[in-house]
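Colleague: Dropping a structure here in structure tokens format, bear with me for questions.
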Amino acid sequence: MHLKQTTNKLYLFLSISFLFYLGNLNAQIVIGTPGLGFSQACASESFNTYSTTFVFSPESGLDSSNQFSIELSNAEGDFSDATVIFTSSAGAITTSPATLNFSLPTNTSGENYRIRIKSSAPLATSSGSASFAAYYKIQDSPFTINNLVSTGVYCAGGSYLLTIDNPGNGSNDSPLNYPNLSFKWFKETGPTSSVFVSEGNSLVVSQEGTYFVETNYGTCTSDSFSNRVSISEVTTGSADAGISSSLGNPFCPNNDMTTLTTITGNAYQWFKDGEVIADATNQMYETSTSGTYAVQVDLGECMAVGVIELVSELFDASINVDEINTLEDGESLSVEVTTNANAPDYKWYLNDNIIADISEANYNATEIGIYKVIVTENSGCIGSREFTFEIEEAFDPFPEVENIPNVISPNGDGINDTWVIPTQYVSGTDTEVMIMTNRGKIVLQTNDYLNNWPESDLGQTSINQVFYYIITTPNNDVKKGSITVVK
């Protein structure tokens, strides 16, 4: 009797354990590697929204309290101290594939970031995404060096100090106001080429050439760069001192006074239309009238002379979108131009074709292509400014294809890397997909195919591999064929 009771208890314990195991097994999900809706993330105050699409299976494995989150690695792609940059509401995402939008932290700066997806109920983590460059461009406007003077001169055997202006003249947005930024100085080697010289807030120049500095935003394009300064050495006679205008040149004489600035020296004398300006003996001179201005600069061992002809000024304008943008089906991109032009005129283009009936500063773009907007001021200081941006289609893990492919090339170039089949056979259709080697070994069998085979290295050699597939729909419609995997 005692033995029978013990046997019954053991049977009950094993039954409960088996049910608990099945419960745990059913409570697991697999999250696919997140795809990126962008090639690089160049965020700024005006644009900081990016998307990722991922798949998970099975959908029934999610608890109603589940939350999906996005983790951002460090700049080297390491998740050991990852940052959570998005968390969904409980139960908000229940179907696969899913697309999430996120923003970058303001201290993001590096070339090898990755993201991954986590679920909370049940706990699951995807592998890391492909690496991408990511920067938050906290300062993204042109700035000045050398007080915007386009030249610099040093006497033979000496040197010239180039510095980033802080604050500089007029509306200059000095990047020195943002302590976390770093800078790279360059020397031009041709009309469109340059060579890196040094890092830092300033540069001591002892070689002739044209120099400029950029805020270090890696491979992201940016408007955070300085004016060019041509440095020359004086051995005999005098050199070009250079003059800059704080309101630009051309400039509008009906605006506030503009400040003329020349290079640093020991003493100065300013002229207007060939005549000496009394008491104008400082490095800077303010004026509200147009004309031909000149300055003599005493450098100690040599002299420099600068000349500028002031005429008029163009208006300022900016646009609120990045150069490259992505859209999902049914979405639109709100584009806005900001300008101080008097009674501005706007013309919008898509793929160099004018967009009819649009003459406002705002436009909701819905089509894929290259856009252009031209802003023109028709009164006062007449002129135009042009902005271009591009809209690309967001990544789609289940694109519409008509035929079942028989060749793939999983070489990591992003083209034909996985076996992509028509949507009537993929996840959500309850179609069984089975792939076998040429010896009949099953390498994939699923009723939830995600267009993701092969997910791992097939151990390819120089010889192409051949696999065979059988696709069986819920109504027993069968498709068979081969898949040749080429390098």
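Colleague: Would you mind computing the Rg to Rh ratio of the range 150-248 from its alpha-carbon coordinates, Kirkwood style for Rh?
Modeller: 0.97
Colleague: For Lys487 paired with Val195, estimate the spin-label separation in nm (one decimal), with each label point 7 Å from Cα along the Cα-to-Cβ line.
Modeller: 3.9
Colleague: Right, something else. Counting other Cβ atoms within 10 Å of each Cβ, which GluC sites (Glu not before Pro) in the range 299-352 have at most 16 and sit in a DSSP loop? Before the final figure, lay out the partial values.
Modeller: On the way: sites: Glu301, Glu309, Glu313, Glu323, Glu328, Glu331, Glu336; in loops: Glu301, Glu313, Glu323, Glu328, Glu331.
Answer in residue order: Glu301, Glu323, Glu328, Glu331.
Colleague: Related question: Full-extension gain between Ala121 and Glu402, please, as 0.36 nm times their residue separation minus the C-alpha to C-alpha distance. Walk me through the intermediate numbers first.
Modeller: Details: separation 281, 0.36 × 281 = 101.16 nm, distance 3.70 nm.
Stretched out fully, the Ala121 to Glu402 stretch lengthens by 97.5 nm.
Colleague: Just to compare against my own numbers: the Cα pair-distance distribution for the range 317-393, 10 Å bins, whole % per bin, please.
Modeller: Whole-percent P(r) values from 0 Å outward: 19, 52, 23, 5, 0.
Colleague: Can you tell me the alpha carbon radius of gyration of the range 22-158 divided by the globular rule-of-thumb value 2.2 N^0.38 Å? Show your work: numbers first, answer last.
Modeller: Values: Rg = 21.2 Å, N = 137, 2.2 N^0.38 = 14.3 Å.
Compactness ratio reported: 1.48.
Colleague: Could I ask something else about it? So, in the chain, how many Lys pairs have Cα atoms under 25 Å apart, if the pair is 8 or more places apart or on different chains? Could the numbers behind the result be given before it?
Modeller: Values: Lys137/Lys184; Lys137/Lys187; Lys137/Lys372; Lys347/Lys372; Lys441/Lys479; Lys441/Lys480; Lys441/Lys487.
Taking the chain as the scope, the lysine pair count is 7.
Colleague: If you don't mind, there's one more thing I want to ask. When Rg is the radius of gyration of the Cα atoms in the chain and Rh is its Kirkwood radius, what does Rg/Rh come to?
Modeller: Values: Rg = 32.3 Å, Rh = 28.2 Å.
In the chain, Rg relative to Rh is 1.15.
Colleague: Right, another one. Relative to the compact-globule scaling 2.2 N^0.38 Å, provide the ratio for the alpha-carbon radius of gyration of the range 407-485.
Modeller: On the way: Rg = 12.5 Å, N = 79, 2.2 N^0.38 = 11.6 Å.
Working it through for the range 407-485, the quotient is 1.08.
Colleague: Let me ask another. Name the long-range amide H neighbours of Ile483: under 5 Å, sequence gap of 5 or more, or other chain; modelled H, no Pro or chain starts.
Modeller: Counting only residues 5 or more places away or on other chains, the set is Phe467, Tyr468, Tyr469.
Colleague: Provide the per-residue ³J(HN,Hα) series for the range 380-394, in order, calculated from phi with Karplus coefficients 6.51, -1.76, 1.60 and θ = phi - 60°, each as a whole number of Hz, with x at glycine and proline positions.
Modeller: Values per residue, Gly and Pro as x: x, 7, 6, x, 9, 10, 10, 10, 10, 7, 10, 10, 10, 6, 5 Hz.
Colleague: Right, another one. Work out how much length Asp78 to Ala278 would gain on full extension: take 0.36 nm times their residue separation and subtract the Cα-Cα distance, in nm to one decimal. Please list the in-between numbers first.
Modeller: On the way: separation 200, 0.36 × 200 = 72.00 nm, distance 6.50 nm.
Value of the extension gain: 65.5 nm.
Colleague: Between Asp223 and Glu301, what FRET efficiency comes out of the Förster formula 1/(1 + (r/R0)^6) with R0 = 51 Å and r the beta carbon distance, rounded to 0.05? Before the final figure, lay out each step's value.
Modeller: Working: r = 39 Å, r/R0 = 0.76.
Taking R0 as 51 Å, the efficiency between Glu301 and Asp223 is 0.85.
Colleague: How far apart, in nm, are the 7 Å Cα→Cβ label points at Glu328 and Asn340?
Modeller: Reported label-point gap for Glu328 and Asn340 is 4.0 nm.
Colleague: Still on this structure, please answer the following. Using label points projected 7 Å from each Cα along Cα→Cβ, tell me how many nm separate Met436 and Ser238, to one decimal.
Modeller: Result: 9.3 nm between the two label points.
Colleague: May I ask for the angle, rounded to the nearest 10°, between helix 2-26 and the longest principal axis of the chain, with both axes built from Cα atoms and the value confined to 0 to 90°?
Modeller: It works out to around 40 degrees.
Any read-out appearing in this document is the output of simple, stated calculations on the displayed coordinates, not a laboratory observation. On a predicted model such as this, the values are computed, not experimentally measured, just so you know. Note that each Cβ is placed from the backbone with ideal geometry, even for glycine, and that neighbours are counted across all protein chains shown.
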